[in-house]
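Enquirer: Pasting in a structure now, in structure tokens, and then I'll have a few things to ask.
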Amino acid sequence: MSGPSSVSVKPTPLLKDELDIVIPTIRNLDFLEMWRPFFEQYHLIIVQDGDPTKTIHVPEGFDYELYNRNDINRILGPKASCISFKDSACRCFGYMVSKKKYIYTIDDDCFVAKDPSGKDINALEQHIKNLLSPSTPFFFNTLYDPYREGADFVRGYPFSLREGVPTAVSHGLWLNIPDYDAPTQLVKPRERNSRYVDAVLTIPKGTLFPMCGMNLGFDRELIGPAMYFGLMGDGQPIGRYDDMWAGWCIKVICDHMGWGVKTGLPYIWHSKASNPFVNLKKEYKGIYWQEEIIPFFQQIVMPKECTTVQACYIELSKQVQEKLGKIDPYFTKLAEAMVTWIEAWDELNPKAEVAAAKA
């Protein structure tokens, strides 16, 4: 056996007792072998979708708990109706049962990417760096992340805003298969993303964004109760909008609470494209509806009385019912599920300190 090399040296795990990795899946998790150097010392929460009688193989050496639909029904009882079935939206159950401060969630078709120098990217480490450093949502810094080594606030940046605010969400990107909607997939079936942009940006206050759930980190204690991936998949008229819905909700709540959302690094390697025709069937109502959903979220103003994420989310559910319910009965059902989600969250997290708005 050869002597020690940089390849065999395991990175020092950051926050290993304060972070859970949540993975939704319907298949054996062989992809974890590639992530072993980065994930092995963390606790995994695996949410098995589909047939609960199927046995999912998890490689040896990982510390994990696995929940299938029977477990979800047993733990939540009637409130299990708020957790999607036959859709990766089921991952948010993992957020609910976690007891850690931070969550990293990844899809099982996401592999370790390499940076331009050929080095493996430790995506989890970069997410942690993003979450542990402040955000700057109130004033844009043209050198991107000012807290990063080799960067700073540029001339003209107000000194009163240089302290930044807590970061609630770290949204990572993907090399190879881009996260496109079905129409774009159909028009550009061979398109691959090979552009590695070495940057992290804070998304400005008042700006929405399309959040992808396949490479995502967040501060569960800050924003966890709002990270609900909606009603998707089996029995629902829409799919593939679970992470989008959560992203719109968390962004308006983070804006209200004075927290930041970052996007950019880290990259993962997205290994396979989903079927665009299947995707189109799932997405087509959402493609129409989003033209009304986006303006709805853009005009939302949270009352000052909403000083917790739970209060914000319940207020949001009321506005969804009142305004989006006119588009389709689905939104009335979704608004009710949003309330059920908060009730279930509070039942499973009774002692969780409720994050208060910045004074």
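The values are calculated or read from the model by the stated rules, or taken from the named source; none is laboratory data. Predicted, not measured: the structure shown is a model, and the values here were computed from it. Cβ: placed from backbone, ideal geometry, glycine included. Neighbour counts: every protein chain shown. Note: accessible area is taken over every heavy atom of the protein model, side chains too, but ligands, DNA and RNA are not part of it. Shrake-Rupley method; radii C 1.70, N 1.55, O 1.52, S 1.80 Å.
Enquirer: Do we find that Lys100 is part of a loop (DSSP other than H, G, I, E, B), of a type in the set (Lys, Arg) and either surrounded by 15 or more Cβ atoms within 10 Å (Cβ to Cβ) or more than 16 Å from the chain's Cα centre (by Cα) (or both) in this structure?
Expert: Considered against the rule, which asks whether it is part of a loop (DSSP other than H, G, I, E, B), of a type in the set (Lys, Arg) and either surrounded by 15 or more Cβ atoms within 10 Å (Cβ to Cβ) or more than 16 Å from the chain's Cα centre (by Cα) (or both), Lys100 comes out as yes.
Enquirer: Same structure, new question: Is there a residue in the range 105-119 that is under 30 Å from Tyr157 (Cβ atoms) and touching a helix residue (DSSP H, G or I) at 6+ places or on another chain (Cβ under 9 Å)?
Expert: no
Enquirer: Is there a residue in the range 20-33 that is open to solvent by 20 Å² or more (accessible area, probe 1.4 Å), under 22 Å from Gly118 (Cα atoms), of a type outside the set (Phe, Trp, Tyr) and at pLDDT 95 or above?
Expert: yes
Enquirer: Right, here's the next one. Counting just the residues of the range 231-259 that are closer than 22 Å to Ile106 by Cα and part of a loop (DSSP other than H, G, I, E, B), which one comes out most open to solvent (accessible area, probe 1.4 Å)?
Expert: Asp234
Enquirer: Name, by its number, the condition in (1) without any contact (Cβ under 8 Å) to a residue 24 or more places away in the chain; (2) open to solvent by 60 Å² or more (accessible area, probe 1.4 Å) that does not hold for Thr332.
Expert: (2)
Enquirer: Is there a residue in the range 176-193 that is within 16 Å of the chain's Cα centre (by Cα) and of a type outside the set (D, E, K, R)?
Expert: No, the conditions are met nowhere in the range 176-193.
Enquirer: What number goes with the only condition from (1) at pLDDT 95 or above; (2) under 29 Å from Ile253 (Cα atoms); (3) open to solvent by 20 Å² or more (accessible area, probe 1.4 Å) that Arg148 does not pass?
Expert: It fails just one condition, (1).
Enquirer: Can you name every residue in the range 57-81 that is assigned to a loop (DSSP other than H, G, I, E, B), out of contact with any helix residue (DSSP H, G or I) (no Cβ under 8 Å at 6 or more places or on another chain) and loosely packed, with under 15 Cβ neighbours inside 10 Å?
Expert: Correct list: His57, Glu60.
Enquirer: A follow-up question, please. Just a yes or no: is a residue in the range 341-357 under 18 Å from Met244 (Cβ atoms), touching a Gly at 6+ places or on another chain (Cβ under 6 Å) and modelled with pLDDT of 95 or more? Steps first, answer last, please.
Expert: Quick first cut of the range 341-357, residues under 18 Å from Met244 (Cβ atoms) only: 341.
Okay, now just the ones that are also touching a Gly at 6+ places or on another chain (Cβ under 6 Å), so none.
No, the range 341-357 contains no residue that is under 18 Å from Met244 (Cβ atoms), touching a Gly at 6+ places or on another chain (Cβ under 6 Å) and modelled with pLDDT of 95 or more.
Enquirer: Determine, yes or no, whether Val154 is in contact with a helix residue (DSSP H, G or I) (Cβ under 9 Å, 6 or more places away or on another chain) and of a type in the set (A, V, I, L, M).
Expert: Against the criterion (in contact with a helix residue (DSSP H, G or I) (Cβ under 9 Å, 6 or more places away or on another chain) and of a type in the set (A, V, I, L, M)), Val154 does not qualify.
Enquirer: Inspect the range 126-136 for any residue being open to solvent by less than 30 Å² (accessible area, probe 1.4 Å), more than 17 Å from the chain's Cα centre (by Cα), within 25 Å of Asp242 (Cβ to Cβ) and β-branched (Val, Ile, Thr) and give the result as yes or no.
Expert: Within the range 126-136, not a single residue is open to solvent by less than 30 Å² (accessible area, probe 1.4 Å), more than 17 Å from the chain's Cα centre (by Cα), within 25 Å of Asp242 (Cβ to Cβ) and β-branched (Val, Ile, Thr).
Enquirer: Among the candidates Thr263, Thr202, single out the residue that is over 17 Å from Met96 (Cα atoms) and buried (at least 24 other Cβ atoms within 10 Å of the Cβ). Full working, then the answer.
Expert: Details: Thr263 fails: buried (at least 24 other Cβ atoms within 10 Å of the Cβ).
Exactly one residue qualifies, and that residue is Thr202.
Enquirer: Which of the numbered conditions does Pro189 fail, given that it passes all the others? Conditions: (1) outside any helix (DSSP H, G or I); (2) of a type outside the set (Val, Ile, Thr); (3) open to solvent by 20 Å² or more (accessible area, probe 1.4 Å); (4) within 29 Å of Pro303 (Cβ to Cβ).
Expert: (4)
Enquirer: Return the pair list, or none, for Cβ contacts closer than 6 Å from residues in the range 149-170 that are closer than 21 Å to Ala123 by Cβ to residues that are open to solvent by 90 Å² or more (accessible area, probe 1.4 Å), at least 6 apart or on different chains.
Expert: Ala151/Leu143
Enquirer: Going by the structure shown, is Trp174 closer than 23 Å to Met338 by Cα and either without any contact (Cβ under 8 Å) to a residue 60 or more places away in the chain or open to solvent by 20 Å² or more (accessible area, probe 1.4 Å) (or both)?
Expert: no
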